[in-house]
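Peer 1: This is the structure, below, for whatever I ask next.
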Amino acid sequence: MSPLSSAPPASSSAPSAPPNVLLRGGPDHVTSTKRVRYVPDPEATLKLEVGNTYEHFEPTAETAEHEGRPLRVLRWTRRTYVAE
């Protein structure tokens, strides 16, 4: 099983890292602006918190080009809910 990583919140004081993944599939509320992003480990499962849910994305062998940069494609696999 792949380790889980969560995308860190964007910090306005630190320079942003260039995007390294493209998220495919999943719910519509993961907007196009959130689909191209930087994650610390593009080889790990991404657990993205959206409201009261987590959207899970698994790495694939596929890459896609965005603004001249190759991005690792992560495909949506499931949704889980935040425990209250």
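What follows draws every value from the coordinates through simple rules; no lab data is involved. Just so we're clear, the structure is a prediction, and the values are computed from it rather than from any experiment. As a convention, Cβ positions derive from the backbone with ideal geometry for all residues, glycine included, and neighbour counts pool all protein chains shown.
Peer 1: For residue 24 paired with residue 52, estimate the spin-label separation in nm (one decimal), with each label point 7 Å from Cα along the Cα-to-Cβ line.
Peer 2: The two pseudo-label positions are separated by 3.2 nm.
Peer 1: Whose amide H sits under 5 Å from the amide H of residue 53, counting only residues 5 or more places off or on another chain, with H placed in the peptide plane?
Peer 2: 82
Peer 1: Quick one: what are the phi-derived ³J(HN,Hα) couplings along the range 65-82, Karplus 6.51/-1.76/1.60 with θ = phi - 60°, whole Hz, x for glycine and proline?
Peer 2: Values per residue, Gly and Pro as x: 9, 9, 6, x, 10, x, 10, 6, 8, 10, 9, 5, 10, 5, 10, 10, 10, 5 Hz.
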